[in-house]
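> Please read through the structure below; I'll follow up with questions.
No lab work stands behind these numbers, since they all come straight from the coordinates. This is a predicted model, so every value here is computed, not measured.
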Amino acid sequence: MRVGILGMAGRMGRLLIEEARSAKHEVVGGTLNPASATSAPAGVPVMTLPELAEAVEAVIDFTNAAAVPLHAEVLRTSRAIWVVGTTGLSAMQEEVLASAATCIPVMYAANFGLGINLLAAFARRLGAVLPPETYDAEIVEMHHRQKVDAPSGSALALGRAVAEGRRTTLEAAMDSARNGHAGPRRIGAIGFAALRGGQVVGEHTVLFASEHEHIALTHRALDRRVFAAGAVRAMEWTVGKPPGVYSIDDVLGLRGVQPT
Ligand code: NAD
């Protein structure tokens, strides 16, 4: 495929160039942030978004939520697939994205890692079959010392999956603030613990603990390339699809799979 990389000088942008090339796609060009003085990765022409949108079959966008409205405005009149990995979109920015998806296919995922999304599907299934009265669900995650938010977005997504399996909401079940005299464990709670240290890219364990057994599902991301590889695979999946918002669950065949 002929591919364009938005924000190609970013950490993800550079990995996306490598992953797209190693999957035998042609990286036609990329954009840089007009507001910053970054230089382009070697061998990738700098283009404006309108130029790029005309020249490619897909653009991959791991930039900044603030850029979403402009990207949507340009891309909605193109024939390009828009793969969006940017996180932290506001409700308004997600609406803009959905509006562009009435004209073009948009593949949107806050985590393009295939493994962690599969883990969420398993967590949903286990949440559905293991009774909350006897199986306590805990989510343990570890990340590098620079991470500023806790629990991680992926930990929250895993908790949401367990809650969906249990036909409740994460808001109703979440317990993330055990400190001091926290009292006994609430039946049905989904507990969270966040470890921070070193340079851990991301580790998540979903634990179901009963009096007689523990079931633990663990995912370890070894480097950020897993997201770039997942985005390239998701882009390939989107080829030929009608306009609409698609997610990594579609790629994995998990959309519409019921928890029980
Ligand atoms: P980064 O800061 O290293 O890179 C972002 C790049 O985008 C920067 O070079 C920045 O200058 C550029 N940029 C910003 N606005 C732009 C614009 N209007 N036009 C062109 N370029 C623009 O950050 P990163 O670590 O590469 O992450 C980028 C985004 O991807 C973040 O939102 C991050 O949370 C997200 N992310 C998503 C996944 C996933 O699986 N979906 C995985 C990792 C990171």
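> Under a 5 Å amide H to amide H cut-off, with H placed in plane at 1.01 Å, what residues pair with residue 5 once short-range neighbours are removed?
Excluding prolines and chain starts, which carry no amide H, the hits are 29, 30, 31, 60.
> Based only on Cα atoms, what Rg/Rh ratio does the chain have, Rh being taken as Kirkwood's radius?
Ratio of gyration radius to Kirkwood radius: 1.02.
> On the principal axes of its Cα set, how long, how wide and how thick is region 52-105? Give whole Å, largest value first.
29, 20, 15
> Also: Expressed as a whole percent, how much of the Cα-Cα distance distribution for region 131-260 exceeds 23 Å? Write out the running numbers ahead of the final one.
Values: 3729 of 8385 pairs.
Summing the P(r) tail past 23 Å for region 131-260 gives 44 percent.
> Which ³J(HN,Hα) values, rounded to whole Hz and listed in residue order, are derived for region 129-138 from phi using the Karplus coefficients 6.51, -1.76 and 1.60 in 6.51 cos²θ - 1.76 cosθ + 1.60 with θ = phi - 60°, glycine and proline given as x?
Result, rounded to whole Hz: 9, 9, x, x, 6, 10, 10, 7, 9, 10.
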